[in-house]
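Notes for the one structure printed next.
The values are calculated or read from the model by the stated rules, or taken from the named source; none is laboratory data. Computed from a predicted structure; not experimentally measured. Using ideal geometry, Cβ is built from the backbone for each residue, glycine included, and neighbour counts are taken over all protein chains shown.
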Amino acid sequence: MSGPTGHSHGSMDVVFTNIGTIITGDWRNPFAPGDELSFSNGKIKAVGKVDQSVKDAADLVVDLGGMTVIPGLIDSHVHTTFGDYTPRQKTVGFLESYLHGGITSVISASEIHVPGRPSDVAGIKALALAAQRSFLNYRPGGMRVYAGSLILEPGLVEKDFAELEEQGVWLAKVGFGAFSNPSDVAPIVAWARKHKFKVMCHTGGASIPGSQPISADHLMRIQPDIAGHVNGGPIAMSDTDMHRIVKETTMALQIAQAGNIRSSILCARLAEETGNFDRLLMSSDTPTGTGMMPLGTIKTLTEMCTLAGIAPEKVLACATGNVAKIYGFNSGFLAPGKDADITVIDVSHGSMADNALDGMAIGDIPAIGAVISGGVPRFLYKSRNTPPPLRKMTILQNRCLQTFIEDTPYHCC
């Protein structure tokens, strides 16, 4: 779609002004000074202060009325299949709905829920490649989907990983394969990591038929990159095992909404107390038996604020900058040159708090006022999945063809 100025729909020049707080995604330096942000051609151009000439030439200028701007959330544990459909919950459109939960990217935790999914080597390779290819150019609601996670099964050899690496497949999942002992997968994981795969491992009790419990001993032998749902999916490992995983390994510690809340708090506090906060990720692990949860990730972040006592500006990094560092993404941070994946939040109308961060600290999930992915505003004013923001945004200048209507539930292009 081209606007009157000749800019393509995906290369809009956009400026946000009157921002109340800018959260960078870097927990060590979480606040950016200033109250403006600009992006163009899918990349962030300026954070804090925007030149007047850029504002004058922009396709879209929005006064955010004091709302908070954060990097777009990255849900690092989502059960995709093909397209925007989850057969586990028989739901169509769940990914587009997750975008209305502030999420601009998701990472597949393997396409395990594909009906009749194969377990032979040729089948699992085909499944991973087909899923990866399916989402290369398909962005439901504007969301980026990192799909095609190879389910590790007996019979895989190093050549299989070399072939898939050449095809661009780089994700793998441990925990559902037909291994009599989970530790037996360790040599296969070593091949995967040699060929630059990011390997996530099921953690805790068995979750579905065909899976088995995975303990700290198993994880230490397997050596994955990410301990998936380290707080259990949904059954948690022991407290002793949690202490060992945090203190004796370097793998990422992924907390999931579809897990044990007590174990989540233990993990979060241990990571912070032991200087391992960079390893801490927060995700949804949905859709599963727990359900389809568009607000799963932001709910997890909020719970870790109010229950584990982690500062909101710090905890937000667990679904933004921390994920980007571990997976090597160019998103997750609000800084010049980073991908323009941005979420606008505010305190929900009716909260006793005055701003989004204070609201999170007392357990109120933020209202989502806008989501931008790939440099394109997917909706403005309010999400269809949260209460309305307390503050009001105002469009000051609009030279593009996209129309945003305040009194409609949502607008998604």
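In this structure, is LYS55 assigned to a helix (DSSP H, G or I), surrounded by fewer than 24 Cβ atoms within 10 Å (Cβ to Cβ) and in contact with a strand residue (DSSP E or B) (Cβ under 7 Å, 6 or more places away or on another chain)? Criteria met by LYS55. Counting only strands (runs of 3 or more DSSP E) that sit wholly inside the stretch 109-228, those with at least 2 residues that are without any contact (Cβ under 8 Å) to a residue 60 or more places away in the chain and over 21 Å from GLU248 (Cα atoms) are 149-151. The set of residues from the stretch 84-108 being over 20 Å from SER373 (Cβ atoms), part of a loop (DSSP other than H, G, I, E, B) and either of a type outside the set (Lys, Arg) or in contact with a His (Cβ under 8 Å, 6 or more places away or on another chain) (or both) comprises PRO87, ARG88, GLN89.
Here is a yes/no grid of residues against (1) outside the structural domain of ALA340 (by TED's automatic domain parsing); (2) at pLDDT 95 or above; (3) surrounded by fewer than 21 Cβ atoms within 10 Å (Cβ to Cβ):
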site: LEU99; (1), (2), (3): yes, yes, no
site: THR104; (1), (2), (3): yes, yes, no
site: GLY116; (1), (2), (3): yes, no, yes
site: ALA122; (1), (2), (3): yes, yes, yes
site: MET143; (1), (2), (3): yes, yes, no
site: ILE151; (1), (2), (3): yes, yes, no
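Among the residues of the stretch 229-262, just one is among the hydrophobic types (A, V, I, L, M, F, W, C), farther than 21 Å from VAL323 by Cα and either touching a residue at least 40 places away in the same chain (Cβ under 8 Å) or surrounded by fewer than 23 Cβ atoms within 10 Å (Cβ to Cβ) (or both), namely ILE235. For the stretch 134-151, the criterion of being touching a Pro at 6+ places or on another chain (Cβ under 8 Å) and aliphatic (A, V, I, L, M) is met by no residue. The set of residues in the stretch 16-40 being closer than 14 Å to PHE333 by Cα, in a loop (DSSP other than H, G, I, E, B) and β-branched (Val, Ile, Thr) consists of THR24 alone.
Scanning the stretch 273-287 for residues that are of a type in the set (S, T, N, Q) and surrounded by fewer than 24 Cβ atoms within 10 Å (Cβ to Cβ) yields THR274, ASN276. Put simply, of HIS229, HIS243 the only residue that is at pLDDT 95 or above, farther than 21 Å from TRP170 by Cα and assigned by TED's automatic domain parsing to the domain that holds THR300 is HIS243. Restricted to the stretch 324-375, and to residues there that are touching a His at 6+ places or on another chain (Cβ under 9 Å) and under 14 Å from PRO71 (Cα atoms), the residue that is surrounded by the fewest Cβ atoms within 10 Å (Cβ to Cβ) is VAL371. Here ASP75 does not fit the description of being within 16 Å of PRO377 (Cβ to Cβ) and surrounded by 17 or more Cβ atoms within 10 Å (Cβ to Cβ).
When each of THR290, THR297 is tested for being at negative phi and surrounded by fewer than 24 Cβ atoms within 10 Å (Cβ to Cβ), the lone residue that passes is THR290. Before we move on, is GLU303 farther than 24 Å from ARG244 by Cα, touching a residue at least 24 places away in the same chain (Cβ under 8 Å) and part of a helix (DSSP H, G or I)? For GLU303, the condition - farther than 24 Å from ARG244 by Cα, touching a residue at least 24 places away in the same chain (Cβ under 8 Å) and part of a helix (DSSP H, G or I) - is not met.
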